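A short worksheet on the structure shown next.
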Amino acid sequence: MDQRKNHQNKTLLNFSNIVVPEEFVPLLSKGIDFRLASRKLPLIKIICSIEETAKQFCSPSMANEYRFECKRIIKKGRKKKDTNVSTEICNGLKEWLKQYNLVLIENDKGRATCIIPEKQLQELVLKEISNNDRYKPLPKNDIEKVKTSVNKELAILRRDNLISKEYLNSLKQITPTTPSARPTLKAHKDPLKTRLIINTRGSAFYKIAKAVSKHLKPLTTSGKSYIKDSEQFIAKIKPEKLENNEKLVSFDIAEMYPSLPKADVIQEVIRRIKNDDFNPKINKEALIKLAKLSLNYMTFTINGKFYEQAEGLFIGSPSSPCFAEIFIQRVEELHIYNMINAPRIWLRKVDDTFTISSHPIDETLKELNNIHSKINFTAEEETNNTLPFLDCLLTRAVDGNIKTSVYKKATHTGQYINYYSNQPKSVKTSVIKTLTKRAKLLCSEKDDLEKELQYITTTMELNDFPRNLIKKTIGNTLNAMEKRTKENTIENEPIPLFLPYEKGISEEIAKMSKKYNVRIVHTKNLSLVNKIRKKQQEPNILDTDGVIYRVPCSECDKVYIGETGRQLKIRLKEHKANAKSNNIKNMSGLSQHIKNEKHEINWDDAEILDRDNNYQRRKFKEAVAINKNKENILNKKEEIKTISYIWDDII
């Protein structure tokens, strides 16, 4: 019981003066990313996902066979059981937070759930933005301007035959959104601070940044100091033997991503692209322009206001890691390896560097911090013959060898995925497997390995895992590592099925899908923090984009159902304008009805049936809505997308 209470105290940090009611503590200590089971089966979402996968089958008959198999499983498991959190607890927690104006936020280190007054959090965010010259306020949302500029640049690349039409379409974001900043709390800092994580998914440059990152990846692993992970790090330091005058030292680049000089970074990226020894699978001129594009529009929104990040790289952009790696490699080549006090060993992962040096640390640090005004290094020297680096604890042995074991920071909470979170069992056991592999790889002494395995058992029990499952998974993982054989079998690339996780149904579909060479990728379900978060003020429906909509006629019982990735008001305006034209061929069913029947349309009663920024899913949902109203629709035949008859009896 004391262990459980201690675990809750670590995983739930209260920065308000309001006592947390005891009935909410068990749920909050599971973490704000705890996944909730839905009360109602998300049937349309599941079928949309299956349809996207079935269309990739070479054989139509096999695609239908796969649909039938999926439908059989869905019908069998359609009746929902109890959820993993009661509605009463969720609603009670939401009301309690609302009553005292409190919000939940994740700790920057250790994944603890933090409770903080909303006003205090807003002040901390404002302080982070205001006290830093890297952020500039914008008068309004410039998403349309950004979209136009990005699409214009892409069109020029296509016009100049630097990219194909297919590649152009893969980079364009039809309905881009403004990147949003999510604060995390630096709870270990005094006074409290926040870190801004920028979510760029769905932005005008997200697909571009992702593509650039993929093309530049070979450049990121070629550095002399590069280490992929702890396993590679251990392999590199294992042969090393320390001299008496040498010390273990680690260096860290403070706030690396947002601090790096943007102009210098892109200049180095361009230089590396132009090098003769780099041969990307894309035209080099196109890659340079795409790299620039991914850094040109660094705007974001938070608390209803808009800002530009004038310097540094976004924490959260797909291109930031590769840009930073390429730049720091150049800094190492030009400066660090040629320093007077250069360490004998210099191994780096992102912003953390391990060194073995016989030089005075203060002098080395001074040299490092004279390299560039924007790059600030900090140092940590071994204490009592030990030094932590990444998740390793390095210990100097009497004979000069380096012993290794697992290291956990003071901010470590023991918070992992909770066993009752609505996620596949394979995802849950993968946490135990990962921790076990890490223990086996990092612990050079048998005693340290045994202690770490005991820690894994205790900690996963505190995360509500059954003890027998923990022991079994640890044992199987260790046995597999002993064998460590790889079969050189060549298989066709499986077709992915992105499926929302539903206990029972997902496992059965995954099992059945193997014979069709389909691999299940489970998408994330609703999290605790999203469930209880305050609802943002909904925009006027006419300003909403990515919608499936319904418009009724004022003079008969017919309705028009459509979809658009743009704002609804733009699409409705087009319907009105088309009704006045003479181009019957390009008219929608709604425009034809207005022109031919002279009926008035009740534009004010237009309603949104669903929202989705994915074009294929939107078209499918539109088809479902049309089929449900097929007796009185205004849509033309060619506007109606057919749904496979297989789903008729369950939609």
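The values are calculated or read from the model by the stated rules, or taken from the named source; none is laboratory data. Please read all numbers here as calculations on a predicted model, not as lab measurements. Quick reminder, even Gly has a Cβ in these numbers, built from the backbone with ideal geometry, and neighbours come from all protein chains shown. Heavy atoms of the whole protein, side chains included, go into the accessibility calculation; ligands, DNA and RNA do not. Shrake-Rupley method; radii C 1.70, N 1.55, O 1.52, S 1.80 Å.
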Across (1) in contact (Cβ under 8 Å) with a residue 24 or more places away in the chain; (2) outside any loop (DSSP other than H, G, I, E, B); (3) within 30 Å of residue 362 (Cα to Cα); (4) of a type outside the set (Asp, Glu), residue 295 clears everything bar (3)
Using beta carbons and a limit of 8 Å, which pairs, at least six apart or on different chains, have the first residue in segment 499-514 and at negative phi and among the aromatic types (Phe, Trp, Tyr) and the second one in a strand (DSSP E or B) and open to solvent by 30 Å² or more (accessible area, probe 1.4 Å)?
-> 501/522; 501/523
Please state which of the following conditions residue 479 fails to meet, knowing it meets all the rest: (1) loosely packed, with under 13 Cβ neighbours inside 10 Å; (2) at pLDDT 90 or above; (3) under 21 Å from the mean Cα position of the chain (by Cα).
-> (3)
Of the candidates 167, 100, the one satisfying the condition of being out of contact with any Phe, Trp or Tyr (no Cβ under 8 Å at 6 or more places or on another chain), within 30 Å of residue 421 (Cβ to Cβ) and aromatic (Phe, Trp, Tyr) is 100
Could you grab me the full set of residues in segment 168-212 that are closer than 23 Å to residue 297 by Cβ, small (Gly, Ala, Ser) and either touching a strand residue (DSSP E or B) at 6+ places or on another chain (Cβ under 6 Å) or open to solvent by less than 30 Å² (accessible area, probe 1.4 Å) (or both)?
-> 180, 181, 202, 203, 204, 209, 211
Look at residue 542 and say whether it is open to solvent by 60 Å² or more (accessible area, probe 1.4 Å) and assigned to a strand (DSSP E or B).
-> no
Of all residues in segment 224-272, which are in contact with a Ser or Thr (Cβ under 8 Å, 6 or more places away or on another chain) and assigned to a loop (DSSP other than H, G, I, E, B)?
-> 225, 228, 243, 245, 246, 254
Are there any pairs, at least 6 apart or on different chains, whose C-beta atoms fall under 6 Å, with the first in segment 299-317 and buried (at least 17 other Cβ atoms within 10 Å of the Cβ) and the second assigned to a strand (DSSP E or B) and charged (D, E, K, R), and if so, which?
-> 299/308
Residue count for segment 78-102, restricted to those that are of a type outside the set (Ser, Thr, Tyr) and either open to solvent by 30 Å² or more (accessible area, probe 1.4 Å) or over 26 Å from residue 527 (Cα atoms) (or both) = 14
The lone condition residue 428 fails out of (1) surrounded by 15 or more Cβ atoms within 10 Å (Cβ to Cβ); (2) within 28 Å of residue 245 (Cα to Cα); (3) among the charged types (D, E, K, R) is (2)
Does any residue of segment 257-267 turn out to be charged (D, E, K, R), touching a helix residue (DSSP H, G or I) at 6+ places or on another chain (Cβ under 9 Å) and touching a residue at least 60 places away in the same chain (Cβ under 8 Å)?
-> yes
Does any residue in segment 621-639 that is farther than 22 Å from residue 555 by Cα come within less than 7 Å, Cβ to Cβ, of a residue that is modelled with pLDDT of 80 or more and polar (S, T, N, Q) six or more places away or on a different chain, and which pairs are these?
-> 639/588
Within segment 222-244, tally of residues that are open to solvent by 70 Å² or more (accessible area, probe 1.4 Å) and under 17 Å from residue 321 (Cβ atoms) = 2
Mind checking which residues of segment 431-460 are outside any helix (DSSP H, G or I) and either open to solvent by less than 30 Å² (accessible area, probe 1.4 Å) or touching a Phe, Trp or Tyr at 6+ places or on another chain (Cβ under 8 Å) (or both)?
-> 443
So is residue 292 of a type in the set (D, E, K, R), open to solvent by 30 Å² or more (accessible area, probe 1.4 Å) and more than 20 Å from residue 217 (Cα to Cα) or not?
-> no
When you go through (1) closer than 17 Å to residue 14 by Cβ; (2) touching a residue at least 24 places away in the same chain (Cβ under 8 Å); (3) surrounded by fewer than 20 Cβ atoms within 10 Å (Cβ to Cβ); (4) of a type outside the set (A, V, I, L, M, F, W, C) one by one for residue 113, which number turns out not to apply?
-> (3)
Looking at segment 338-422, what strands (runs of 3 or more DSSP E) fall wholly within it and have at least 3 residues that are over 30 Å from residue 112 (Cα atoms) and open to solvent by less than 50 Å² (accessible area, probe 1.4 Å)?
-> 345-349, 352-357
Checking residue 521 against (1) exposed (fewer than 13 other Cβ atoms within 10 Å of the Cβ); (2) assigned to a helix (DSSP H, G or I); (3) hydrophobic (A, V, I, L, M, F, W, C), which test does it fail?
-> (2)
